[in-house]
1. Report whether or not SER18 is surrounded by fewer than 21 Cβ atoms within 10 Å (Cβ to Cβ), at pLDDT 90 or above and under 18 Å from HIS150 (Cα atoms).
2. For residues that are touching a Phe, Trp or Tyr at 6+ places or on another chain (Cβ under 9 Å) and acidic (Asp, Glu), tally how many sit in region 1-53.
3. Within region 99-115, does at least one residue satisfy the condition of being modelled with pLDDT of 85 or more and open to solvent by less than 70 Å² (accessible area, probe 1.4 Å)?
4. Failed condition for ASN73, given (1) over 23 Å from LEU182 (Cα atoms); (2) surrounded by fewer than 21 Cβ atoms within 10 Å (Cβ to Cβ), with all others met?
5. Specify the residue that is farthest from ASP186 (Cα to Cα); the eligible residues are those in region 77-98 that are surrounded by 18 or more Cβ atoms within 10 Å (Cβ to Cβ) and touching a Lys or Arg at 6+ places or on another chain (Cβ under 8 Å).
6. Name the residues in region 1-37 that are assigned to a loop (DSSP other than H, G, I, E, B) and more than 22 Å from SER74 (Cα to Cα), would you?
7. Can you pull out the residues in region 61-85 that are among the charged types (D, E, K, R), part of a loop (DSSP other than H, G, I, E, B) and farther than 22 Å from LEU137 by Cα?
8. Residue check, LYS177 against (1) in contact (Cβ under 8 Å) with a residue 12 or more places away in the chain; (2) touching a helix residue (DSSP H, G or I) at 6+ places or on another chain (Cβ under 7 Å); (3) not β-branched (Val, Ile, Thr), all met but one. Which one?
Amino acid sequence: MEHDIYMHAINARYEYDSVSTRVVLYKILKCNALLSLRKQRRFNKGGFTGRDYISLCDYNKKDIVNKGVDEYNSYHTYIKNSLSLMIAKEGIDVIEPQLVDICTKSGYAFRKMEILGKSKTLRYSDMPDEVQVKDKLNLDNLIGVTFPTHLLCGPDKEFSKEVIQIIINDIDAILKKFDRDLPIYDINTELNLKDKEQKELVIEKLYK
């Protein structure tokens, strides 16, 4: 799996929601771009990124955490818990936010980051692996997707295996509908889930 990439989680949760993820993926591919909330004409506050910026994870920095807090960065918080887009860095103009030395696991810090996200002139982040793009990011550099297979690891190995295969087939069908025959990697092992032997290895690792 290519490492010199930016990643974008399209539907990060702690339980995988296949239906809403499918809808979001379809909309993104149809538009052939990631759009800020304002460009999507969505009028919610926009969280820590605000309404005009798109958040990305710099995969090369995925092991850097804020203030030494265990696994506190965009990779562990979002990418590992979502179907995520892999975007080659070449030609992409990103903004590196100023790192704010707080952890938003506290209510005070959460509200402070929401306020900072509204800034029109400066960019801030509490996650050291985050970069941002203003308004729109075309997907000409989309080279693959990653999948949080571990979120579907239930007590019944064979049932989980069947569910994973159904979802991978569904994601692959959506990609191909938009002429994108791309690899689908397991986020933890970096193995290609479209390859039968590699998929078996992923399942075996989950149930060791």
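1. yes
2. Of the residues in region 1-53, 2 are touching a Phe, Trp or Tyr at 6+ places or on another chain (Cβ under 9 Å) and acidic (Asp, Glu).
3. The answer is no; no qualifying residue exists.
4. (2)
5. PRO97
6. Within region 1-37, ASN32 is the sole residue that qualifies.
7. Listed by number, the residues that qualify are ASP63, ASP70, GLU71.
8. The number of the failed condition is (2).
The values are calculated or read from the model by the stated rules, or taken from the named source; none is laboratory data. The structure presented is a predicted model; accordingly, all values stated were derived computationally and were not measured. Note that we place each Cβ from the backbone using ideal geometry, even for glycine, and neighbour counts take in every protein chain shown. Protein only, heavy atoms only, side chains kept; ligands, DNA and RNA dropped before computing areas. Shrake-Rupley method; radii C 1.70, N 1.55, O 1.52, S 1.80 Å.
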